[in-house]
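Readers should treat all values here as calculations from the given coordinates under stated rules, not as data from a laboratory. All of these numbers come straight from a predicted model, not from anything done at the bench. Virtual Cβ from ideal backbone geometry, glycine too; neighbours counted across all protein chains shown.
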């Protein structure tokens, strides 16, 4: 039996009980036999990025965040789009990691779930390429109109989205094997 992979999930939404958080809970249920999932939904607890502190004196919260990224077998970022971009808290968290190599060659899955999401999805992919994370087209999923495709319990109600989500999970499993 192969060991379960450790997935560190970063939720980009600043809202509690967001559609993105519901998707992550659904992901964890569907992959419980393959992945150990650790969810980080507290991007707002990270201090504002300060390049003068980034290398020599990072705050403890930043050190802990980086350690989670570094020690995970893979990362899943699940985020909405805010103003045609990624949320500022998510960008801030990634900025704290730029001076390190914690994302270099790290397998990642990217889910952008929002009303539209196209620009935010493009942006997060560009950022993750810049920090040299490893992802494929199968591990980058855009779910447009998320609020009409998920119910109150986090179940995906749209058949095409269910298929796409399952393909994403298969892609992430393949990328981490």
Given contacts defined as C-alpha pairs under 8 Å and at least six residues apart, what's the relative contact order of region 5-176, whole-number percent? 24
Point-to-point label distance, residue 16-residue 85, nm (Cα→Cβ direction, 7 Å offset): 2.7
Arrange the following residues from fewest to most other Cβ atoms within 10 Å of their Cβ: 114, 85, 54. 85, 54, 114
Among 20, 57, 92, which one shows the biggest mean-square fluctuation in a GNM of the chain, springs joining Cα atoms closer than 10 Å? 57
If you average over every viewing direction, what projected area does the convex hull of the Cα atoms of region 39-118 give, in nm²? 5.5
Connecting every pair of Cα atoms under 10 Å apart in the chain and solving the GNM, the largest mean-square fluctuation among 11, 152, 63 falls on 152
Most mobile of 120, 89, 148 per a Gaussian network model of the chain (Cα springs, under 10 Å)? 148
Report the extension gain between residue 63 and residue 42 in nm, rounded to one decimal, defined as 0.36 nm multiplied by the number of residues separating them, less their alpha carbon distance. 6.1 nm
Kindly work out what percent of the DSSP beta bridges joining two residues of region 1-154 are antiparallel, to the nearest 5. 5
Place a point 7 Å from the Cα of residue 2 along the Cα-to-Cβ direction; which residues of region 162-177 have their backbone N under 15 Å from it? 169-177
Inter-label distance, nm, simple model (7 Å from Cα along the C-beta direction), residue 118/residue 92: 3.0
Just how far, in whole angstrom, is region 88-140 from region 33-83 if you go by their alpha carbon centroids? 12
Binned at 5 Å from 0, what are the whole-percent values of the Cα-Cα distance distribution for region 41-82, short to long? 5, 17, 26, 23, 18, 9, 1
Can you sort 15, 88 by how many other beta carbons sit within 10 Å, fewest first? 15, 88
What area, in nm² and to one decimal, does the C-alpha convex hull of the chain cast on average over all directions? 9.6
